[in-house]
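Accompanying notes for the structure given below.
The values are calculated or read from the model by the stated rules, or taken from the named source; none is laboratory data. Keep in mind that what you see is a predicted model, and the values were worked out from it rather than measured. Note that we place each Cβ from the backbone using ideal geometry, even for glycine, and neighbour counts take in every protein chain shown. Side chains are part of the model used for accessible areas, which takes the heavy atoms of the whole protein and leaves out ligands, DNA and RNA. Shrake-Rupley method; radii C 1.70, N 1.55, O 1.52, S 1.80 Å.
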Amino acid sequence: VATPREANLRTIHDFLAGSEHQYMGIPAGPEDTWDSVFELMVDKVGISPDRSHEQGQDTISAELCVTALERYADVFGRVVRERGSILFATAHPAAMPAVYAPMAQATREAGAQVLTIDGGIPWDTGDVRAVGDVVMVEQYGGLRHTHRPEPMDLVLDQLEAAHRADPSAPLPDLVVTDHGMAGAAGTRGYSVVAVGGCNDPA
């Protein structure tokens, strides 16, 4: 993979330290140690298990990736078949909208519901808004990459407020997203399917 080994190892330390770029809405617990998180990344992602390997090329497991994508498809497909409500959002606007937008279109064509938000929700020096069917962070007229969980918290706050005001207003049966947006939605108890990199231990 393109991500170097030293970056993969450094992000484990950053996650455990509560780095704003690596905790992604999932605080490390007292049971989380460098060893336990390293083993998790070996088992779930397929980074090299060689602890003496500290620099250079690292790996992911193609087999683990395909197996995870099959689980992803099972969860996504079940919600679509049940005509549930799905929220699509990304913190990686350079790449992931090209994946999520066709999924949203397929969702709608199959009779399920695609959720979006109304207008822009102010956050930091920009706002959180739906671009087509995918919620993203806008800043200075462009789209921003972020690992922060707050954008998803703001989106869910709006949807939950609408549901309290009108119980027929749907909440997500599934959130299709990544990174801090995934961490925030999962921490709040929503069902999530997400992608992440070998340098994303959260």
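Which trypsin sites (Lys or Arg not before Pro) does the stretch 2-93 hold that lie in a coil by DSSP with at most 13 other beta carbons within 10 Å?
Passing both the DSSP loop test and the Cβ count: Arg51, Arg83.
How much net charge surrounds Pro93 when only the other residues with a Cβ under 12 Å from the Cβ of Pro93 are counted, with Lys and Arg +1 and Asp and Glu -1? Working shown, then result.
Working: positive: Arg129, Arg144; negative: Glu138, Asp178.
That sum, taken over residues with Cβ under 12 Å, equals 0.
Based on the alpha-carbon gyration tensor of the stretch 1-61 and its eigenvalue square roots a ≥ b ≥ c, which shape applies: rounded if a/c is under 1.5, prolate if not and a/b is larger than b/c, or oblate?
Prolate is the answer for the stretch 1-61, as a/c is 1.5 or above and a/b outweighs b/c.
With a 1.4 Å probe and all protein chains left in place, how much accessible area per residue does the chain have, in Å²?
50 Å²
Provide the descending list of Cα extents for the chain along its principal axes, expressed in whole angstroms.
That gives 56, 37, 33 Å along the principal axes, largest extent first.
Given a Förster distance of 30 Å, report the FRET efficiency between Glu109 and Glu150 from their Cβ-Cβ distance, rounded to the nearest 0.05.
Values: r = 32 Å, r/R0 = 1.07.
Computed FRET efficiency for Glu109 and Glu150: 0.40.
Probe radius 1.4 Å, ligands and nucleic acids ignored: give me the carbon and sulfur share of the accessible area of the stretch 1-156 as a rounded percent.
Of the solvent-accessible surface of the stretch 1-156, carbon and sulfur hold 54 percent.
Spin-label point model (7 Å from Cα, Cβ direction): what's the Gln55 to Ala7 distance in nm?
Roughly 1.7 nm, to one decimal.
Any chance you could run the full-extension gain for Lys44 through Ala161? It's 0.36 nm times the residue separation minus the Cα-Cα distance, nm to one decimal.
Roughly 38.5 nm would be gained on extension.
About its Cα centre, how strong a charge dipole does the stretch 67-152 have in debye, to the nearest 20, once Lys and Arg get +1 and Asp and Glu get -1 at the Cβ?
Charge dipole, the stretch 67-152, about its Cα centre: 180 debye, nearest 20.
Springs between alpha-carbon atoms under 10 Å, Gaussian network over the chain: tell me which of Leu64, Leu115, Leu159 tops the mean-square fluctuations.
Leu64
Report, for the chain, the % of DSSP beta bridges that are antiparallel, rounded to 5.
Bridges in the chain are about 50 percent antiparallel.
Go ahead and set up a Gaussian network model of the chain, Cα springs under 10 Å, then flag whichever of Tyr140, Tyr100, Tyr72 fluctuates most.
Tyr140
Identify which of His53, His13, His147 has the largest mean-square fluctuation in a Gaussian network model of the chain, with springs joining Cα atoms closer than 10 Å.
Of the options given, His53 has the highest mean-square fluctuation.
Taking the Cα centre of the stretch 36-185 as the origin, how large is its charge dipole in debye, to the nearest 20, when only Lys and Arg (+1) and Asp and Glu (-1) carry charge on their Cβ atoms?
Here the stretch 36-185 has a charge dipole of around 300 debye.
Run the numbers on the stretch 63-195 and let me know its relative contact order in percent, using alpha-carbon pairs under 8 Å that are six or more apart.
27 percent
Shape call for the stretch 83-127 from the C-alpha gyration tensor, a ≥ b ≥ c root eigenvalues: rounded (a/c under 1.5), prolate (a/b greater than b/c) or oblate?
Cα axes put the stretch 83-127 in the oblate bin.
Please identify the helices of the chain, taking whole runs of DSSP H, that span at least 24 Å along their own axis as judged from the Cα atoms and have a mean Kyte-Doolittle score of -0.5 or higher. Walk me through the numbers on the way to the answer.
Details: long enough: 62-81 (28 Å, 0.43).
TM-like helix candidates: 62-81.
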